[in-house]
Amino acid sequence: MKEKLEQIERMAREEIETALAHNGNRSEIIENLRVKFLGKKGELTAVLRGMGSLSAEERPQIGQLANEVRSKVEQLIDKAKKDAEEFELNEKLRTEELDVTMPGKRRIAGKLHPLTQIANEMIDIFIGLGFQIADGPEVEYDYYNFEMLNIPKDHPARDTQDTFYINDNIVLRTQTSPVQVRVMEKTKPPIRVISPGRVYRSDAVDATHSPLFNQMEGLVVDKGITMADLKGTLELFAKRLYGENAKIRLRPHHFPFTEPSAEVDVCCFSCGGKGCRLCKGEGWIEILGAGMVHPKVLAGCGIDPEIYSGFAFGMGIERVVMRRFNINDLRLYYENDVRFLKQF
């Protein structure tokens, strides 16, 4: 048994030396040797299990020798493991040298979607005019989406809205005007807000229609507000958005929640009003609807129409962007074609 222990020490030393000369994964080989000699089923453990057959005089001597052999093998393996790790680290550093003179890879940064770009620009214009941003739910009560805007349940205007109904009393909002109503209910005049957001209508998808699109509406309520204030605000907005030479005109129209009402056109920025393909030969392009807030709407929100008046306007952001960039199909906004988006 003494010879067997000495043989184990000798074998361990030789195999560890061989492992440290290996060009492969030395750490893995050393770990396998540790299991081979010191593990539960290792060479040294197998010898120690035979000590029961020794005499009482031999056991202390063999036991002491076995502990010495175990200690030596453990030391050899610990040192070999450190040497192997150092070797592998140096090899890794040697093979993974970094050439700092090589040019870096260009990272292409993302950009804002054209709808977001122009929406932010529009918001900045109105904030500069003293407006605040108001927000509201996209899943809205029929009461706010229609009735509080002077559109009762039997009103013919409901037939033209193509509304998504969740039930008889809840709809997907068809405009952001309900936000204006909620603001007027909770805020005393003076009021000056814009309400950008998504709206929904049951329209078939084509070049100029979508069941989901974006609107931005504005509301001003105070004492002495007139149609001149509305026209002046929209003129300034058009000049900021389309350039100092931009001109607008107001055409009489009808909206249930404003009286009087108007559709607002901007002079074609492509032909300057002479008539072209973009404006269909008219020289003008419609951009939004507007008007003075109907007295019934003010009264319904707890604002005395005898003291206060106001104006409101609303526009589709997709249409504004189409006219800004001369885009002829709004489906391009949502197809996420990188070739299209990279142009902006």
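General remarks:
- Point-charge dipole on Cβ atoms (K/R +1, D/E -1) for the chain, about Cα centre, debye to 20: 560
- Across segment 318-324, rounded Karplus estimates of 3J(HN,Hα) from the backbone phi angles (6.51 cos²θ - 1.76 cosθ + 1.60, θ = phi - 60°) give 4, 5, 4, 5, 4, 6, 5 Hz, Gly and Pro being marked x.
- Average Cα contact separation per residue, segment 114-341, under 8 Å, 6 or more apart, as relative contact order %: 20
- This model, with +1 at the C-beta of Lys and Arg and -1 at the C-beta of Asp and Glu, gives segment 178-333 a dipole about its Cα centre of some 360 debye.
- Summarising the amide proton neighbourhood of Val293: residues at separation of 5 or more, or on other chains, whose placed amide H is nearer than 5 Å comprise Glu259, Gly310, Phe311, Ala312.
- FRET efficiency, 1/(1 + (r/R0)^6) with R0 41 Å, evaluated for Leu93 and Lys280 via beta carbons: 0.05
- Cross-link reach list, lysines versus Lys296, counting only Cα pairs under 20 Å and skipping chain neighbours closer than eight places: Lys153, Lys186, Lys188, Lys223
- Inter-probe distance in nm under a simple model that places probes 7 Å from Cα toward Cβ, at Asp162 and Cys271: 2.8
- GNM flexibility winner over the chain from Phe213, Phe37, Phe311 (Cα, springs under 10 Å): Phe37
- Comparing Val181, Val100, Val264 in a Gaussian network model of the chain (Cα springs below 10 Å), the most mobile by mean-square fluctuation is Val100.
- Rounded tilt (10° steps) of 114-128 against the dominant C-alpha axis of the chain: 60
- Taking 19 Å as the straight-line reach from the Cα of Lys247, the lysines in range (excluding those fewer than 8 positions away in the same chain) are Lys231, Lys239, Lys274, Lys280.
- A Förster radius of 22 Å, combined with the Cβ-Cβ distance separating Lys223 from Glu259, puts the computed FRET efficiency at roughly 0.75.
- Distance from the Cα centroid of segment 283-334 to that of segment 183-254 is 3 Å (rounded to whole angstrom).
- Axis of helix 58-95 versus longest Cα principal axis of the chain: the two differ by about 40°, to the nearest ten degrees.
- Segment 206-344: relative contact order in percent, alpha carbon pairs under 8 Å with at least 6 residues between: 30
- Full extension of the chain between Val35 and Met102 gives 19.6 nm of extra length, using 0.36 nm per residue less the Cα-Cα distance.
- Cα lying deepest toward the dipole's positive end in the chain, options Val205, Asn67, His253, charges on Cβ: His253
- Segment Ala204-Leu129, length gained on full extension (0.36 nm per residue, minus Cα span): 23.4 nm
- 3J(HN,Hα) from dihedral phi, segment 243-250, Karplus parametrisation 6.51/-1.76/1.60, rounded to Hz, x for glycine, proline: x, 5, 8, 5, 10, 10, 9, 10
- Each residue in Met122, Met184, Met11 was given a count of other beta-carbon atoms within 10 angstrom of its own, and listing them fewest first yields Met11, Met122, Met184.
- Ranking Tyr165, Tyr242, Asn120 by Cα position along the charge dipole of the chain, where only Lys, Arg, Asp and Glu carry charges on their C-beta atoms, puts Tyr242 farthest toward the positive end.
- Bridgeable lysines around Lys72 (alpha carbons under 29 Å apart, same-chain partners fewer than 8 residues away excluded): Lys2, Lys4, Lys36, Lys40, Lys41, Lys81, Lys82.
- Springs between Cα atoms under 10 Å define the GNM used for the chain, and in it the highest mean-square fluctuation of Thr208, Thr95, Thr174 occurs at Thr95.
- Given the choices [x] 43, 23, 16; [y] 32, 24, 21; [z] 85, 27, 18, semi-axes √(5λ) of the Cα gyration tensor in Å derived from the coordinates of this structure is entry [z].
- Evaluated with a Cβ-only charge set (Lys, Arg +1; Asp, Glu -1), segment 228-317 carries a dipole of roughly 460 debye about its Cα centre, given to the nearest 20.
- Between Glu185 and Arg331, full extension at 0.36 nm per residue minus the direct alpha carbon distance yields a gain of 48.9 nm.
- Residues Glu85, Glu14, arranged from fewest to most other Cβ atoms within 10 angstrom of their Cβ, appear as Glu14, Glu85.
- 3J(HN,Hα) from dihedral phi, segment 331-343, Karplus parametrisation 6.51/-1.76/1.60, rounded to Hz, x for glycine, proline: 4, 4, 5, 10, 7, 6, 6, 4, 4, 6, 5, 5, 6
- Nearest-ten-degree value, helix 2-20 long axis tilted from longest Cα axis of the chain: 40
- Per-residue Cβ neighbour rank within 10 angstrom, fewest leading, Cys267, Cys276: Cys276, Cys267
Here, each number is a calculation from the coordinates, and none is a lab measurement. Since the model is a prediction, treat every value here as computed from it, not as a measurement. When we count neighbours, we look across all protein chains shown, and the Cβ atoms used for this are built from the backbone with ideal geometry, even at glycine.
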